[in-house]
């Protein structure tokens, strides 16, 4: 993780930190190179029978060539042995690093999960009444242990059961499970909420699309954030998303912008209400993915054209899910994802899809997945610490999840991020990770000057069955969840009304 004025960054290719996955890839690269050297040495050795025949007929020519080939073969085998040894050393270092990191992380997480430490961190990290991202993650990951402490106070007879609840945590937080509490709990909550009638989750249908209007488009992060603003409810209306088609010299790029959570309207099933949160968090955005495919057809997107997904809050969860959806990736070229204030740490993006995540350290919403975002070369997270001018961090009048979560606050901070050739925030040195991440996003739109913006109206229909849960940021990553298979909750022991 690197630091700069007013923000922190994680991921990218400019820092000194490397994830375990990066080390594993390095081991694979070294091993592959060693195999190629071995093949080259074998090929050199295979030439000796032919040289033997030449040696008998022309020894003056064959002897020097034979000596050189033998030296080359020996040198190649030495290089191959050294490379193999180096690969083994890197693998061993990776294993040691993993064990040490896991133990340190487990102990730190256990310490952060103690109630006095939680309260202290809440007071230290939260300028207002809302918990910080880290505190929110701690509460979610330690919730079984916290429940185990609280339950005997309410029901003393439950002490034998409560004593073992802490084992329901994942191993990184002192429990027995390989997956996090959020990954196991949220898909189950999604099913329970649907069965109990707390939310309505069903197929999402396209009602129509507005005629396109041409706007100026700079092709940078600020321009993408402007498209996100246009997709929000006050601009696009209830249940809508935005699709912008950007002509570039290498072909058209379609930017799909998904809004944050919208209030429920009586008599209308809005795909972005609380049901949308449950679908995104526990069901991998399976219904939204089908609707987005139809929306792209409505605006004239052609197979093979490039896609960029953006989303704010709930919309960011959908955006990351859609970027990982096999149906969409099988038709279009998904190149980039931009999320704003969204819990997407448990989503695994396909190789080749870059991501830029904007989060605020005092925003509790990105912490609802209970996990930091992956620290990978093509996946950069910017953690802001400042606020837009005039915003009171301790204000309780902002509504929702507080001033840190507001889109306008994120838009102001994103506009101040350094770009190539510019100084950093408050004249601090520009963070190369942030500069490179913005340059990668801008490269998608290289040569663009305008965009045709459309609003696509969506509505959710009454559900009758649910697809299999998919790899949403708060769901299980083990199943894509976007095949066209169907399974009622009755097959899982539930019964629909």
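Just so you know, all these numbers are worked out from the coordinates, no wet-lab data involved. This one's a predicted model, so the numbers in the text were calculated from it and none came from an experiment. When we count neighbours, we look across all protein chains shown, and the Cβ atoms used for this are built from the backbone with ideal geometry, even at glycine.
Placing pseudo-labels 7 Å out from each Cα toward the beta carbon at residue 388 and residue 36 gives an inter-label distance of 5.1 nm. Averaging the Cα positions of each part gives two centres, and for region 193-215 and region 78-130 these lie 41 Å apart.
I need the shape label for region 122-178. Rule: rounded when a/c is under 1.5, else prolate if a/b > b/c, else oblate, with a, b, c from the alpha carbon gyration tensor. Taking the square roots of the gyration eigenvalues as a ≥ b ≥ c, region 122-178 is oblate. Among 201, 347, 140, a tally of other beta-carbon atoms within 10 Å of each Cβ gives an order, fewest to most, of 140, 201, 347. Here residue 297 and residue 67 are evaluated by their C-beta separation; at R0 = 45 Å the FRET efficiency comes out at 0.10. Taking the fewest neighbouring Cβ atoms within 10 Å as the starting point, the ordered list for 198, 272 is 198, 272.
Based on alpha-carbon centroids, what's the gap between region 153-173 and region 221-271 in Å, whole number please? Cα centres, region 153-173 to region 221-271: 44 Å. What residues from region 159-183 fall in the zone where the backbone N is under 19 Å from a label point 7 Å along the Cα-to-C-beta line of residue 115? In region 159-183, the label zone of residue 115 (backbone N under 19 Å from the point 7 Å along Cα→Cβ) covers 159-169.
Listed peptides 147-155, 216-224, 335-343 appear in the order 335-343, 216-224, 147-155 once ranked by packing, highest mean of other Cβ atoms within 10 Å at the front. The protection proxy used here, the mean number of other Cβ atoms lying within 10 Å of each residue, ranks peptides 444-451, 112-119 as follows, highest first: 444-451, 112-119.
Computed log10 I(q)/I(0) for region 212-263 at 0.21, 0.26, 0.27 Å⁻¹: -0.76, -1.06, -1.11, from the Debye equation with unit scatterers placed on every C-alpha and solvent omitted.
Here the spin labels are modelled as points 7 Å beyond Cα on the Cα-Cβ line, and at residue 93 and residue 107 they lie 2.3 nm apart. Taking label positions 7 Å along the Cα-Cβ direction at both residue 100 and residue 419, the computed distance is 4.1 nm, reported to one decimal. Stretching the chain fully between residue 171 and residue 462 yields a gain of 100.8 nm (0.36 nm per residue, less the alpha carbon separation).
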